[in-house]
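Colleague: What follows is a single structure, and I will ask about it in a moment.
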Amino acid sequence: MAVAAVLISLALGSSLSEAQEPPSIVGSSPLPGLAGATDWINSKPLTAKELKGKVVLVDFWDYSCINCIRAIPYIRAWADKYKDSGLVVIGVHTPEFDVEKQLPNVQKAVQKFGITYPVALDNNYAIWNAFHNQYWPAHYFIDAKGKVRYEHFGEGEYDQSERWIQELLKEANAKQMPASLVSVHGQGAQAAADMSDVRSPETYIGYSRAQHFVSPGGIKRDAEQLYIAPSHLQLNDWGLTGDWLDHGQVAVLRSPGGKILFRFHARDLHLVLGPSADGKPIRFRVTIDGQAPGENHGDDTDAQGNGVVKDHRLYQLVRQKGSITDHTFAIEFEDPGVQAFSFTFG
């Protein structure tokens, strides 16, 4: 009877322990999905087995996503601060546009943003699907047993995210973590957005998701079209002028002098652009309400509005210094071949 009582007691204790152990909020453990990576940067391929016993932060990002770009300084700071305490940060680059599947383009972005932690290329969305993810950026905080304990989508709430890192490291190491939080001040496109005064949405130029296009005649799909400027632009309307070929994801300028126009309301205006198919740089000039931007130019233009498209990436073309009102943005390309994908604001 005594032996039986001991066995029952042990069984009950084991069941109670299992019942009290926090569950994973994404399946039992999604880390085996890392095996679906098509390539790795800054690391050899990492496996779920190798990561056992580590606290892992998985950051789904895309190098042309402005929300991802603004989150990177925090991810980078956490990776540096907690690397010696057992945190492993993995950036999972899941591309929105086909051109972002190219390894050299991702490598340039990793270097540009100063990312030194491992980056998995998820060109086939295998890791994305293993996490049942739907967002850029998306952050998954995984404990030492491989369970997702917290998730956060989009920008913001960085203090809460860092406290989860500290809590999971405390559990893994069985010791208290410092309560201090990182102090981050992003520069250029990585600076925090002024979301209180953004009234313009992400807008795609490829016809598959294009909205609010108002050049006369509409978009002609997968065929060259000579577009003319709209007679009037209301807020968030946009149009093309010149000879363009519009595809599902991207519009390609066929002759010099083409323009894109947009009526916007935000501090920052960004445009995802790429050079010609043969890699030739594309010169451009930006105006705001028909004038050179002056002090309101972005990181990728000068005060006269001049800039050059050399890589496939997000270009910051406007950063306003004063009060925010509606303005008409125009970008004119001096050379043919530019590839234009989408506008974002901040």
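Colleague: At q = 0.12, 0.13, 0.18, 0.23 Å⁻¹, what is the base-10 log of I(q)/I(0) for the stretch 45-108 according to the Debye formula with one equal point scatterer per Cα and no solvent? Please give it to two decimals.
Modeller: So the normalised log intensities are -0.36, -0.42, -0.75, -1.03.
Colleague: Here is a further query. Just want the answer: with Cβ charges of +1 for Lys and Arg and -1 for Asp and Glu, which residue in Gln166, His93, Leu253 is farthest toward the dipole's positive end in the chain?
Modeller: Looking along the dipole axis, the top candidate is Gln166.
Colleague: Let me ask something else about it. Taking the alpha-carbon set of the chain, what are its Rg and Dmax in Å?
Modeller: Both quantities, over Cα of the chain: 24.0, 93 Å.
Colleague: Taking 35 Å as R0, compute the FRET efficiency from the Cβ-Cβ separation of Gln107 and Lys52 and round it to 0.05.
Modeller: Here the calculated transfer efficiency is 0.75.
Colleague: At 222 nm, what value in deg cm²/dmol follows for the chain if DSSP H runs of at least 4 each add -39500 (n - 2.57) and the sum is divided by all its residues, to the nearest 500?
Modeller: Calculated at 222 nm, the ellipticity per residue is -6500 deg cm²/dmol.
Colleague: Considering only Ile228, Gln134, Thr47, whose Cα is most displaced toward the positive end of the charge dipole of the chain, charges sitting on Cβ of Lys, Arg (+1) and Asp, Glu (-1)?
Modeller: The Cα lying farthest towards the positive end belongs to Thr47.
Colleague: Students often get this wrong: which residues of the stretch 76-92 have the backbone nitrogen under 19 Å from the point 7 angstrom along Cα-to-C-beta of Ala192?
Modeller: Residues 76-79 fall inside that zone.
Colleague: Sticking with this one: Stretch Asn129-Asp311 to full length: gain in nm at 0.36 nm per residue minus the Cα-Cα span?
Modeller: Contour length minus the Cα-Cα distance gives 62.6 nm.
Colleague: Would you kindly derive the ³J(HN,Hα) couplings of the stretch 245-262 from the backbone phi angles with the Karplus curve 6.51 cos²θ - 1.76 cosθ + 1.60 (θ = phi - 60°), listing them in order in whole Hz, with x for Gly and Pro?
Modeller: Couplings: 10, 9, 9, x, 9, 8, 10, 10, 7, 9, 8, x, x, x, 10, 10, 10, 8 Hz.
Colleague: Going 7 Å from the Cα of Ser28 toward and past its Cβ, which residues in the stretch 135-178 have a backbone nitrogen under 13 Å from where you end up?
Modeller: Under 13 Å, as judged by backbone N against the label point of Ser28, lie 146-147 of the stretch 135-178.
Colleague: Could you look at the stretch 113-159 and say what percent of its accessible area is carbon and sulfur, using a 1.4 Å probe and all protein chains?
Modeller: Solvent-exposed carbon and sulfur of the stretch 113-159 make up 48 percent of the total.
Colleague: Same structure again: Suppose each label sits 7 Å from its Cα in the direction of the beta carbon; what would the Asp98-Ala179 distance come out to in nanometres?
Modeller: Here the answer is 5.4 nm between the modelled labels.
Colleague: Given bins 10 angstrom wide, list per bin the percent of all Cα-Cα distances in the stretch 213-313, short to long.
Modeller: In order of increasing distance, the bins hold 14, 44, 37, 5 percent.
Colleague: Dimensions of the stretch 176-237 along principal axes (Cα, Å, largest first)?
Modeller: Cα extents, longest axis first: 64, 26, 18 Å.
Colleague: For the stretch 93-168, what does the relative contact order come out to in percent, with C-alpha contacts under 8 Å and a separation of six or more?
Modeller: The normalised contact order for the stretch 93-168 reaches 22 percent.
Colleague: OK, next. Can you work out the FRET efficiency for the pair Asp299 and Glu21, with r the C-beta to C-beta distance and R0 = 56 Å, to the nearest 0.05? The partial results should precede the final answer.
Modeller: Numbers: r = 47 Å, r/R0 = 0.85.
With R0 = 56 Å, the Cβ-Cβ based efficiency is 0.75.
Colleague: Could you pull out the pairs from Lys101/Lys170; Lys108/Lys220; Lys49/Lys83; Lys54/Lys108 whose alpha carbons sit more than 26 Å apart here?
Modeller: Distance filter (> 26 Å) returns Lys101/Lys170; Lys108/Lys220; Lys54/Lys108.
Colleague: List the extent of the Cα atoms of the stretch 100-161 along each of their three principal axes, largest first, rounded to whole Å.
Modeller: Per principal axis, max minus min of the Cα coordinates gives 34, 26, 22 Å.
Colleague: Then there's this: Hey, what's the per residue convex hull volume over the C-alpha atoms of the stretch 119-250, in cubic angstrom? Write down the numbers at each step before the final one.
Modeller: Numbers: hull volume 22.2 nm³, N = 132.
Convex hull volume per residue, Cα atoms: 168 Å³.
Colleague: I would also like to ask the following. If you keep only loop residues by DSSP, which trypsin sites (Lys or Arg not before Pro) in the stretch 151-238 have at most 12 other Cβ atoms within 10 Å of their Cβ?
Modeller: Lys175, Arg199, Arg209
Colleague: May I pose another question? Explain nothing, just the number: relative contact order of the stretch 166-260, from Cα pairs under 8 Å at least 6 residues apart, as a whole percent.
Modeller: 22 percent
Colleague: Sticking with this structure for a sec: Could the peptides 151-160, 180-189 be put in order, highest first, of the mean number of other beta-carbon atoms found within 10 Å of their residues?
Modeller: Final packing ranking: 151-160, 180-189.
Colleague: Distance in nm between label sites at Glu171 and Lys220, each 7 Å beyond Cα in the beta-carbon direction?
Modeller: In this crude label model, Glu171 to Lys220 measures out at 6.0 nm.
The values are calculated or read from the model by the stated rules, or taken from the named source; none is laboratory data. On a predicted model such as this, the values are computed, not experimentally measured, just so you know. Here the Cβ is made from the backbone with ideal geometry for all residues, glycine too, and neighbour counts use every protein chain on show. Ligands, DNA and RNA are excluded from the accessible area calculation, which covers all protein heavy atoms including side chains. Shrake-Rupley method; radii C 1.70, N 1.55, O 1.52, S 1.80 Å.
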